[in-house]
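Asker: There's a structure below that I have some questions on.
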Amino acid sequence: MTEKLHFTQKNSSLDLNNAQPSNAYKLKELIFSKELSFIMEAHNGLSAKIVEEEGFKAVWASGLSISTSLGLRDRNEVSWTQVVDVLEYMADSINIPILVDGDTGHGDFNNVRRFVKKLGQRKIGGVCIEDKQFPKTNSFLGENQLLASIPYFVGKIKAAVDTRDDENFCIVARTESLISGFGMAETLKRAEAYHLAGADAILVHSKKSTAEEISKFMNEWDNRCPVVIVPTKYFNTPVSLFEDMGVSTVIWANHNLRSAITSMRETTRQIYLEKSINSAEKNIASLDEVFSLVNMDEIESAERKYSA
């Protein structure tokens with residue numbers, strides 16, 4: 001098993017208001033942990049709360065999931081300001097860090113600077129930006145998608161590094177070169193350039209049905225910095241294999257959204273056909289659970305405290 005790189009803790013990332021580690025600190029510690037880490041997708045405040053309650057230590061704010069939940073395509077149809085609005089609700093709902101799917105950074109280096117600044121203001125833990133061209137298209141659509149040049153994307157990474165107001169705010173550089181058919185040599189070249197530009201971790205993406213490409217990359221990469229993967233297509237691969245490779249972090253990237261679609265469609269169809277909610281009632285969350293997720297007890301307590 002390849003040993004993971006370890007994160008050296010720094011007091012500079014403590015939240016001085018309550019002497020607690022910042023979200024950036026917590027996320028970076030997770031990515032640099034000696035153990036394989038897992039991050040679960042969420043796309044709004046409710047799903048983020050569920051991710052936290054079920055035990056995950058961080059949330060993946062998926063671009064695909066946020067776009068789809070708003071009825072839009074994963075092609076930068078949602079503006080970065082709309083993304084930040086959703087993230088604010090998510091961050092307010094939970095006490096675990098968020099790693100944001102930042103697509104291409106929503107434009108050039110200046111858009112990246114604005115985006116990172118706003119993420120920091122909302123106490124987001126980190127951002128992942130990818131080396132495709134703006135506007136991006138989802139990785140699993142089509143073939144041979146165009147990539148940004150290495151110097152152009154390196155500029156985005158440097159802009160993100162220079163803009164973050166917490167030195168532990170995580171910059172994850174995502175290379176799409178395997179997805180786009182550029183091969184292993186180009187992927188390694190890009191990953192090394194992004195690492196040298198200041199990226200804290202590299203996300204290497206593959207849409208093969210096995211983890212063969214990931215395994216080859218890890219052998220060549222030799223633990224230069226943490227590697228993050230998204231095994232959406234190679235879901236049959238045992239987690240133990242990722243551990244043996246020395247992978248840092250696994251992102252389960254879109255499964256809350258997809259399960260919600262299935263559940264909502266089944267419930268809606270059943271109620272439509274039966275013209276009744278009687279059968280559906282036993283398969284859905286109780287109202288007590290709904291109220292619990294949004295901490296309704298707190299407002300009742302506050303009303304007793306503050307109301308005349």
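Asker: Sequence-distant or interchain residues sharing an amide H contact under 5 Å with residue 126, placed H: which?
Answerer: Hits under the 5 Å cutoff: 98, 100, 170.
Asker: Where in the chain are the DSSP H helices whose alpha-carbon span along the long axis reaches 15 Å or more and whose Kyte-Doolittle mean is at least -0.5?
Answerer: Passing helices, by number: 80-93, 150-163, 183-196.
Asker: Per residue of the stretch 66-78, in order, report the coupling 6.51 cos²θ - 1.76 cosθ + 1.60 (Karplus, θ = phi - 60°) as ³J(HN,Hα) in whole Hz, putting x for Gly and Pro.
Answerer: Per-residue couplings from phi come out as 5, 4, 5, 5, 8, x, 10, 8, 7, 8, 6, 6, 8 Hz.
Asker: Sticking with this one: How much accessible surface does residue 86 have with a 1.4 Å probe, in Å² rounded to 10?
Answerer: 30 Å²
Asker: Let me ask something else about it. Roll a 1.4 angstrom probe over the protein heavy atoms and tell me the percent of accessible area of the stretch 155-308 that is carbon or sulfur. List each step's numbers first, then the result.
Answerer: Values: 4370 of 8460 Å².
The nonpolar share, carbon plus sulfur, comes to 52 percent.
Asker: So what is the calculated 222 nm ellipticity per residue for the chain, using -39500 (n - 2.57) for each DSSP H run with n of 4 or more, over all residues, to the nearest 500 deg cm²/dmol?
Answerer: Details: 12 runs with 135 residues, N = 308.
Calculated at 222 nm, the ellipticity per residue is -13500 deg cm²/dmol.
Asker: Give me P(r) over the chain, computed from all C-alpha to C-alpha distances, binned every 10 Å, as integer percentages.
Answerer: Bin by bin from 0 Å, the calculated values are 6, 26, 34, 21, 9, 3, 0.
Asker: Where is the GNM fluctuation largest for the chain (alpha-carbon springs, 10 angstrom cutoff): 96, 284, 31?
Answerer: Top of the fluctuation ranking is 284.
Asker: Further, regarding this structure: Test of understanding: in a Gaussian network model of the chain with alpha carbons linked when under 10 Å, which of 162, 92, 297 would top the mean-square fluctuation ranking?
Answerer: With Cα springs under 10 Å in the chain, the top fluctuation among 162, 92, 297 is at 297.
Asker: Rounded to the nearest whole Å², what accessible area per residue is found for the chain with the 1.4 Å probe? List each step's numbers first, then the result.
Answerer: Numbers: 15860 Å² over 308 residues.
Computed with neighbouring chains in place, this is 52 Å² per residue.
Asker: Of the residues 47, 292, 37, which exhibits the maximal mean-square fluctuation in a Gaussian network model of the chain defined by a 10 Å Cα contact cut-off?
Answerer: 292
Asker: Give me, ordered by chain and number, the residues 5 or more places off residue 37 or on other chains with an amide H under 5 Å from its own placed amide H.
Answerer: 249, 250
The values are calculated or read from the model by the stated rules, or taken from the named source; none is laboratory data. This structure is a prediction, so every number in the text was calculated from the model and none was measured. Quick note on the areas: whole protein, heavy atoms, side chains included, nothing else; ligands and nucleic acids left out. Shrake-Rupley method; radii C 1.70, N 1.55, O 1.52, S 1.80 Å.
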